[in-house]
Amino acid sequence: MNNCHVIYPYIPPVVKVRNWKNKQDVTDYYFVSSKLQQNVLDELDNIKNKKKYNKDIVEPLISNDIIKDISNSSDPVIVKESIYTDDLITSAVSKICIFIKREKTSIFPYVWSENNPLRFTIENNKWKQYNVNPFLNNDTPSEEGKVTYTEDSMLTTDILNIVFLEDYEKTNKNKTMKKYYFPNVKDTLNLTTNKKIY
């Protein structure tokens with residue numbers, strides 16, 4: 001009889017999603033694993049509300065960095081829904097859009113982690129003041145960047161940033177700059193269909 005190994009998806013206890021609407025307007029969402037017990041969720045609510053919490057319950061499961069991050073966030077939003085960090089980026093982002101109530105968006109949002117976009121690379125970037133965050137640029141590029149989309153890959157991160165085109169265009173009308181963050185207007189989502197899954 002052959003051995004059968006079942007590989008279960010990895011569910012981190014918390015995935016942080018920072019939604020930028022502009023340079024000053026930022027909302028931090030913390031997607032917490034459905035595997036966590038109710039007592040842990042209660043303590044996370046205490047952390048969110050700047051109350052005392054039971055370290056013996058929380059700290060064995062949640063990293064100190066995330067605990068501090070929730071504590072320091074001005075208005076953290078706890079979403080009791082798992083994000084799988086070995087799911088495809090498109091699937092994970094679609095789920096995030098739905099649970100932060102952005103299901104009406106049609107263009108795939110710009111997402112990045114640390115200093116890199118998650119879905120494409122910019123080749124021969126000649127924009128010296130380029131910033132991976134579209135709201136933190138100090139100048140505008142003189143020419144469009146050449147963007148190469150990567151194959152849909154695993155998320156592999158538990159901290160990511162997200163910007164929606166409709167928010168971006170409220171503060172920036174520069175078409176050349178837009179190409180560095182939203183290079184393809186045909187890169188769309190179909191959240192009406194996906195919503196039925198969740």
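The values are calculated or read from the model by the stated rules, or taken from the named source; none is laboratory data. Because the structure is a prediction, the values reported are computed rather than measured. Heads up, the Cβs are rebuilt from the backbone with ideal geometry, glycines too, and the neighbour counts pull from every protein chain shown.
How many of the residues in segment 9-43 are out of contact with any strand residue (DSSP E or B) (no Cβ under 6 Å at 6 or more places or on another chain) and not in a loop (DSSP other than H, G, I, E, B)? Spell out how you get there, then give the answer.
First, the residues of segment 9-43 that are out of contact with any strand residue (DSSP E or B) (no Cβ under 6 Å at 6 or more places or on another chain): 9-13, 21-25, 33-43.
From what is left, the residues that are not in a loop (DSSP other than H, G, I, E, B) are 38-43.
Within segment 9-43, residues that are out of contact with any strand residue (DSSP E or B) (no Cβ under 6 Å at 6 or more places or on another chain) and not in a loop (DSSP other than H, G, I, E, B) number 6.
Only residues that are closer than 18 Å to K101 by Cβ, in contact with a Pro (Cβ under 7 Å, 6 or more places away or on another chain) and either modelled with pLDDT under 90 or part of a strand (DSSP E or B) (or both) were counted across segment 152-198, and they come to 2. Scan segment 45-61 and tell me whether some residue there is touching a strand residue (DSSP E or B) at 6+ places or on another chain (Cβ under 6 Å) and either on the phi > 0 side of the Ramachandran plot or of a type in the set (A, V, I, L, M) (or both). The answer is no, given that none of the residues of segment 45-61 is touching a strand residue (DSSP E or B) at 6+ places or on another chain (Cβ under 6 Å) and either on the phi > 0 side of the Ramachandran plot or of a type in the set (A, V, I, L, M) (or both).
Being within 15 Å of P183 (Cβ to Cβ) and either among the aliphatic types (A, V, I, L, M) or without any contact (Cβ under 8 Å) to a residue 40 or more places away in the chain (or both) is the filter here; which residues of segment 126-140 pass it?
Residues of segment 126-140 within 15 Å of P183 (Cβ to Cβ): 127, 130, 132, 134.
Matches in segment 126-140: V132 only.
The set of residues in segment 154-178 being surrounded by fewer than 18 Cβ atoms within 10 Å (Cβ to Cβ) and out of contact with any strand residue (DSSP E or B) (no Cβ under 7 Å at 6 or more places or on another chain) consists of T156, E166, E169, K170, T171, N172, K173, N174, K175, T176.
Among the residues of segment 104-143, those identified as loosely packed, with under 15 Cβ neighbours inside 10 Å and farther than 26 Å from Q24 by Cβ are T121, E123, N124, N125, K126, S142, E143.
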